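What follows is a single structure, written as structure tokens, with notes after it.
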Amino acid sequence: MVKKYTSMAYAKADDMLFGNCKFPVKAGLGLEIGAGYATPELNYAPRPQAGKSKEKLVKEYERITTDAMARMVQIGAPSVVLETEHVEQMSNNPEWGGAVAHAQKTIMEEYHDEYGIKCALRHTIGDIREDRDYLQLRGDKYSVFMEAFEQCAQNGADLLSVESMGGKEVFDYSILRNDTAGILFGIGVLGSMDMEMIWSDIADVAKKNGVVAAGDTDCAQANTAMFIAGGLLDKNLAHTTAIVARSIAAGRSLCAYEAGATGPGKDCGYENTIIKSISGVPISQEGKTSTCAHSDVMGNLTMQCCDLWSNESVEYHGEFGGTTVQCWVETLAYDCSMMNTSLKLGKAKDLRDILTLSDKYRDPQGYVLAYDNAYRVGQAIVKDGEDNYLRAKNAAIECCNIVGEGVASGKLKLTRFETNALAKVKADLEGLTDDSDKFMSDCLTKYKEEVAVFRTENYGL
Amino acid sequence: MLDLKLEDIDGILVRYNVALEKEMTPDEAAEELYPKDEQIYPIAKAIYEGEEDDVIDGLKAAIDAGKDPIALINEALMTGMGVVSKLYDDGIIFLPNVMMSADAMLDGIEFCKTQTTEVPEPRGKIVCHVAEGDVHDIGKNIVAALLRASGYEVVDLGRDCPVDEVIEAVEKEKPLMVTGTALMTTTMYAFKEINDKLLEKGIKLPFACGGGAVNQDFVSQYDLGVYGEEASDAVKIANFIVGGGDDIEKLREEFHKH
């Protein structure tokens, strides 16, 4: 059952805070996420050769889990979440994923039993629904995809997530051609349709197994835009275009919670502050602590309303200070300690604002994702919450308005290129129909012709 | 919420891209670079603007005026694309402009081919693929488009490409280099297998690798590996090979920046 959001979870933006959410989630071994404290969420990737066999992979994750849990108790961290993002072997062979989850959870239970550390295991299934040439969202692989969730849920995973790919074929084509309608269609319409389908099924798996349907992210699209946009001096995509894609993505990621997910949302969903403002679910975020995986231009700001604080991903290997998972989980834990101290001292809102303001004017992406502006994008989404197309379009238009106001204030500065890109996107949006059926029809005609890998049957069309 | 005063922001962050923005607009910069020939100019300009229909109209007019279709590929289409590439390298235009120009140029080349029985000579052949097990192909698509836009013939093996398929393609096509992209640490291990199988067969050619999780340390572990940090490095590596040979050590000296 998909129930669309048409109102905000929070009465005002200022009510949002890190370590707190409207609807905390109990998970794993004594953990409650968003219930008054922030928790580190460690993410990691096995070394390249570890994927050669199931045995090697399980052993690698056992090392990772033991290292991380040991470091957490060594420094006295009260809670931790481990996130295993599946390598393709683990999702294509669901019993591999189940075996890894079982091995990890066994170790975590030992630490919980001995030290009382609160912990939970997230497994993020790989979206394997494609073949060599095309997305195959509803084809033969769908049952394997769902079996991967089932196996993990049965064998120890407490939180189920995925980084789904729906809409990516049209998005990839459009983002490289400054095609606003295509970006909106790929993320806001096609992506949302796929999200509604898969998250209804994932929520059923979670319910059946007594675990948590956590959430998704528009990593495949909005993060692709953010990465292509890169740093201030990169010349691959206007940052104003990237933040419009991000705003559209909020409507897409929201579909998971409308279909039964309860959070915590995935760390790389930079749209999660918008999601939180609408849904009140707990969210994971990454920022300065994910520099091991990629650079962004809002390293502090993303911490503003997080419930889990993540490092995105780091390859497992040795460093001077221990293995990478030990170094990064320790950094995450000290950040959480700082947030939790501010909560106890009644200074959390000040810390939140300091984190936000340190990046708010660095770049249009951070400006729009600052919690006060993110809240406004949320309001634009729920205004037409029942209609995936209209709410995505509303979010994009509100994003353009927010950036425009920032520039007018003199505090947000754009290059001429960014300004022109923003003007183009805004003009494109204003030229789009308000009729969802017409938009769908027009886009189907256009992208069936232009995007060779676009298969309408992937969306039941 | 708390807020910063306008005058306080500069002490916290610097928008170097705003501070250093060039005075000249992209259109003005392009105008200075177009060839002056009255038949060639509109084609080059249409390439820059990414307008396929205008490219074809310009080609038709030039052919009607007596220009050779094959010669137009180099004199007009590649020249127009050269303007685009220079502006991109100089940081004046952005990647989507290049992609749209590349689309227009490829349409132009196809049109020229229909106007003659001659076959245009590419600058060289390059095999591109995404690592086995990896379906993230936007990086490879950018690499392939930039290579084609620079006059190279691209044999695109697509994504999730089995190791043996890459080996077979290299044996068959005899390219000047292979490119491999991967987003994930576990899939990029396939690059090492490709390297080993090529060497087993006595084939030695540059294997340019890059993408999400790929780094210089990893690529340096296998003999044929040359690391490309940016998609546009693929073109620079190819140009280096065409101009200066395919010695892997020299390529690493040039392109391994870390």
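The values are calculated or read from the model by the stated rules, or taken from the named source; none is laboratory data. Predicted, not measured: the structure shown is a model, and the values here were computed from it. We place every Cβ from the backbone using ideal geometry, glycine too, and count neighbours over all the protein chains shown.
Residues that are in contact with a Leu (Cβ under 8 Å, 6 or more places away or on another chain), without any contact (Cβ under 8 Å) to a residue 12 or more places away in the chain and either more than 14 Å from every other protein chain (Cβ to nearest Cβ) or within 19 Å of A:Ala380 (Cβ to Cβ) (or both) within segment A:396-418 are absent altogether. Taking segment A:93-133 as the range and being touching a residue at least 40 places away in the same chain (Cβ under 8 Å), surrounded by fewer than 16 Cβ atoms within 10 Å (Cβ to Cβ) and within 14 Å of another protein chain (Cβ to nearest Cβ) as the test, only A:Asp133 passes. Of the residues making up segment A:419-461, those that are within 22 Å of A:Asn178 (Cβ to Cβ), assigned to a loop (DSSP other than H, G, I, E, B) and either in contact (Cβ under 8 Å) with a residue 24 or more places away in the chain or touching a strand residue (DSSP E or B) at 6+ places or on another chain (Cβ under 8 Å) (or both) are A:Leu432, A:Val451, A:Val453, A:Phe454. Residue check: B:Pro42 meets all listed conditions (1) more than 30 Å from A:Asp350 (Cα to Cα); (2) surrounded by fewer than 19 Cβ atoms within 10 Å (Cβ to Cβ); (3) in contact with a helix residue (DSSP H, G or I) (Cβ under 6 Å, 6 or more places away or on another chain); (4) of a type outside the set (S, T, N, Q) but one, namely (2).
Within segment A:346-358, is there a residue that is within 14 Å of chain B (Cβ to nearest Cβ), of a type outside the set (D, E, K, R) and either within 20 Å of A:Glu430 (Cα to Cα) or touching a strand residue (DSSP E or B) at 6+ places or on another chain (Cβ under 9 Å) (or both)? Don't jump to the end; show me each part of the working.
Filtering segment A:346-358 for residues within 14 Å of chain B (Cβ to nearest Cβ) gives A:347-358.
Narrowing the set further to residues that are of a type outside the set (D, E, K, R) leaves A:348, A:351, A:354-358.
Next, from what is left, pick out any that are either within 20 Å of A:Glu430 (Cα to Cα) or touching a strand residue (DSSP E or B) at 6+ places or on another chain (Cβ under 9 Å) (or both): A:348.
Within segment A:346-358, one or more residues are within 14 Å of chain B (Cβ to nearest Cβ), of a type outside the set (D, E, K, R) and either within 20 Å of A:Glu430 (Cα to Cα) or touching a strand residue (DSSP E or B) at 6+ places or on another chain (Cβ under 9 Å) (or both).
Restricting to segment A:176-214, name every residue that is modelled with pLDDT of 95 or more, more than 19 Å from the chain's Cα centre (by Cα) and within 14 Å of chain B (Cβ to nearest Cβ). If the condition is that a residue be modelled with pLDDT of 95 or more, more than 19 Å from the chain's Cα centre (by Cα) and within 14 Å of chain B (Cβ to nearest Cβ), then A:Asp179, A:Thr180, A:Gly182 are the ones that fit. Scanning segment B:158-175 for residues that are over 24 Å from A:Tyr134 (Cβ atoms) and surrounded by 18 or more Cβ atoms within 10 Å (Cβ to Cβ) gives B:Ile167, B:Val170, B:Pro175.
Residue by residue, here is whether (1) within 30 Å of A:Phe454 (Cβ to Cβ); (2) in contact with a Phe, Trp or Tyr (Cβ under 8 Å, 6 or more places away or on another chain) holds:
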residue: A:Thr65; (1), (2): no, no
residue: A:Asn93; (1), (2): yes, no
residue: A:Ala99; (1), (2): no, no
residue: A:Glu110; (1), (2): no, no
residue: A:Leu137; (1), (2): yes, yes
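Taking the criterion of being within 14 Å of another protein chain (Cβ to nearest Cβ) and either part of a loop (DSSP other than H, G, I, E, B) or without any contact (Cβ under 8 Å) to a residue 12 or more places away in the chain (or both), the residues of segment B:23-48 that qualify are B:Glu23, B:Met24, B:Thr25, B:Asp27, B:Glu28. For the residues B:Asp196, B:Asp164, B:Asp156, B:Asp223, the requirement of being at pLDDT 95 or above and within 30 Å of B:Glu75 (Cα to Cα) singles out B:Asp156. The combined condition, being under 24 Å from A:Cys268 (Cα atoms), among the aromatic types (Phe, Trp, Tyr), surrounded by fewer than 24 Cβ atoms within 10 Å (Cβ to Cβ) and out of contact with any Asp or Glu (no Cβ under 9 Å at 6 or more places or on another chain), is fulfilled by A:Tyr10.
Applying the selection to segment A:263-294, what residues are outside any helix (DSSP H, G or I) and surrounded by fewer than 24 Cβ atoms within 10 Å (Cβ to Cβ)? Listed by number, the residues that qualify are A:Gly280, A:Thr291, A:Cys292, A:Ala293, A:His294. Taken over segment B:184-212, the criterion of being among the aliphatic types (A, V, I, L, M) and either surrounded by fewer than 19 Cβ atoms within 10 Å (Cβ to Cβ) or closer than 15 Å to B:Ile248 by Cα (or both) is satisfied by B:Leu198, B:Leu199, B:Ile203, B:Leu205, B:Ala208. For segment B:213-258, the set of residues classified as among the β-branched types (Val, Ile, Thr), under 22 Å from A:Pro48 (Cβ atoms) and part of a helix (DSSP H, G or I) consists of B:Val219, B:Ile248, listed by residue number. Among the residues of segment A:448-456, is there at least one that is small (Gly, Ala, Ser) and surrounded by fewer than 18 Cβ atoms within 10 Å (Cβ to Cβ)? Looking for residues that are small (Gly, Ala, Ser) and surrounded by fewer than 18 Cβ atoms within 10 Å (Cβ to Cβ), one finds at least one in segment A:448-456, hence yes.
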